[in-house]
Amino acid sequence: MSSARLSGRLLVLLAAAAVSGCGPVELPTAEPDRSTPAAAPEVVDYTLITECGTVISQPGKYRLEKDIICGSFWPEGLVDALRIEANHVVVDFNGHHIAEGSSNSVGNGIRIGGFEDWISVTDVTLRGPGFVEGFQTDGIIVYNGSNHVTITKLIIQGNVDNGIIVGGSDVTVHDNVIRGSEYCGVEGWGSSMRFLYNHIGPEGAAPGRPLDCGIHIFGSETAGATGVEVRGNQIDAATGLSMEADGGLVTSNQIHGSSIALWIRGHGNRIVANKFSNDGFDPPHVTPADIVDDSGCGANFYKENWFTTALPACVQVPRTGL
């Protein structure tokens, strides 16, 4: 059919529609695109960390650009491979290492805040994957007064003294591997400390240097630490978990001690659904014990734990088959 004949027929149809009272015929139009436009990818502006001895003094997000190996000669006066002296800081390890690289110095890995100059900071996150390793003193130190600190998804290994020292408050240490230190995987004497789903053990330690304690929580001279939560950890050390605490929660852990799995002093702590084991004994005690509660009968609450022996015997409410 020719275009002229098609146009004529269309005019006839329009006229017929008008005569019949149907009104004008509206030709279909394309539907508007109502789909939500794709969001632009988030652009995070990181400041790169490229050398040993970096001091972070401004808030922001920081990222390791490469492995930071301090080497055998540290600058004069340097005691920390990385120091954080600002609030609201995120350090993304980006899969890299912070390492001493030599046995000739006495440095720490990372210091958050500072005792000597009374610097306290808030809202700091160390985020892996990444490594803090080989320091002659401590891997990571959170100094007194610092708070709201998170340490997560790191491998903290081969640091001679301790893996992590926590002296602040509202500190969360979760999903880390902490191994190969001489003294403790974690030492803490702050408040509102949470140790969650970490693997703590002696692997990688120098021969004859077993891990002395997995997690050691201090109290003050007059009271235990408060707001302590120890959950879901796997610990293997001479003393797996030792704590001076009041009102804390210890749950869903697997803790092995070559001498004692759990040593505790305090009141109102809940010890629930853990597995404790040991293969030796602590010399001051006459018999081997998985649990030693120095607070006496009734001071703390035990439920659904698996263990063999405890001192005093009143805490023995073992449940097998965990």
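The values are calculated or read from the model by the stated rules, or taken from the named source; none is laboratory data. The model shown is predicted, which means the values in this text are computed figures rather than measured ones. Heads up, the Cβs are rebuilt from the backbone with ideal geometry, glycines too, and the neighbour counts pull from every protein chain shown.
To keep it simple, each residue is scored yes or no on (1) modelled with pLDDT of 95 or more; (2) surrounded by fewer than 18 Cβ atoms within 10 Å (Cβ to Cβ); (3) within 20 Å of the chain's Cα centre (by Cα).
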position: Thr54; (1), (2), (3): no, no, no
position: Gly60; (1), (2), (3): yes, yes, yes
position: Gly71; (1), (2), (3): no, yes, no
position: Glu76; (1), (2), (3): no, yes, no
position: Asp80; (1), (2), (3): no, no, no
position: Val90; (1), (2), (3): yes, yes, yes
position: Asn94; (1), (2), (3): yes, yes, yes
position: Ile110; (1), (2), (3): yes, no, yes
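Determine whether the stretch 195-213 contains at least one residue that is of a type in the set (S, T, N, Q) and surrounded by 19 or more Cβ atoms within 10 Å (Cβ to Cβ). Yes - at least one qualifying residue is present in the stretch 195-213. Scanning the stretch 115-151 for residues that are touching a Lys or Arg at 6+ places or on another chain (Cβ under 6 Å) and among the β-branched types (Val, Ile, Thr) yields a single hit, Ile141. Scanning the stretch 112-129 for residues that are within 14 Å of the chain's Cα centre (by Cα) and at negative phi yields Val124, Thr125, Leu126, Arg127, Gly128, Pro129. For the stretch 36-52, residues that are at pLDDT 95 or above and among the β-branched types (Val, Ile, Thr) total 2.
Once the stretch 249-263 is narrowed to residues that are among the small types (Gly, Ala, Ser) and buried (at least 24 other Cβ atoms within 10 Å of the Cβ), the residue that is farthest from Lys303 (Cα to Cα) is Gly257. Of all the residues in the stretch 257-280, those that are within 19 Å of Glu304 (Cα to Cα), at pLDDT 90 or above and in a strand (DSSP E or B) number 9. Got at least one residue in the stretch 154-166 being in contact with a Pro (Cβ under 8 Å, 6 or more places away or on another chain) and part of a loop (DSSP other than H, G, I, E, B)? No, because not a single residue in the stretch 154-166 is in contact with a Pro (Cβ under 8 Å, 6 or more places away or on another chain) and part of a loop (DSSP other than H, G, I, E, B). Taken over the stretch 167-183, the residue count meeting the criterion of being part of a strand (DSSP E or B) and under 15 Å from Gly109 (Cβ atoms) is 4.
Residues checked against (1) more than 21 Å from Glu229 (Cα to Cα); (2) surrounded by fewer than 24 Cβ atoms within 10 Å (Cβ to Cβ):
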{"residue": "Ile140", "(1), (2)": "no, no"}
{"residue": "Gly163", "(1), (2)": "no, no"}
{"residue": "Asp175", "(1), (2)": "no, yes"}
{"residue": "Ser181", "(1), (2)": "yes, no"}
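When Ser169, Ser102 are checked against the criterion of being more than 25 Å from Arg265 (Cβ to Cβ), modelled with pLDDT under 95 and of a type in the set (Gly, Ala, Ser), a single residue qualifies: Ser102.
Identify all residues within the stretch 217-242 that are under 19 Å from the mean Cα position of the chain (by Cα), buried (at least 22 other Cβ atoms within 10 Å of the Cβ) and of a type outside the set (S, T, N, Q); write none if there are none. Ile217, Val228, Val230, Ile235, Asp236, Gly240, Leu241 - these are the residues of the stretch 217-242 that are under 19 Å from the mean Cα position of the chain (by Cα), buried (at least 22 other Cβ atoms within 10 Å of the Cβ) and of a type outside the set (S, T, N, Q).
The selection criterion, being surrounded by fewer than 17 Cβ atoms within 10 Å (Cβ to Cβ) and either on the phi > 0 side of the Ramachandran plot or without any contact (Cβ under 8 Å) to a residue 12 or more places away in the chain (or both), does not hold for Gly266.
Applying the condition of being within 8 Å of Val171 (Cβ to Cβ) and buried (at least 24 other Cβ atoms within 10 Å of the Cβ) to the stretch 147-158 and asking which residue is farthest from the chain's Cα centre (by Cα) yields Val149.
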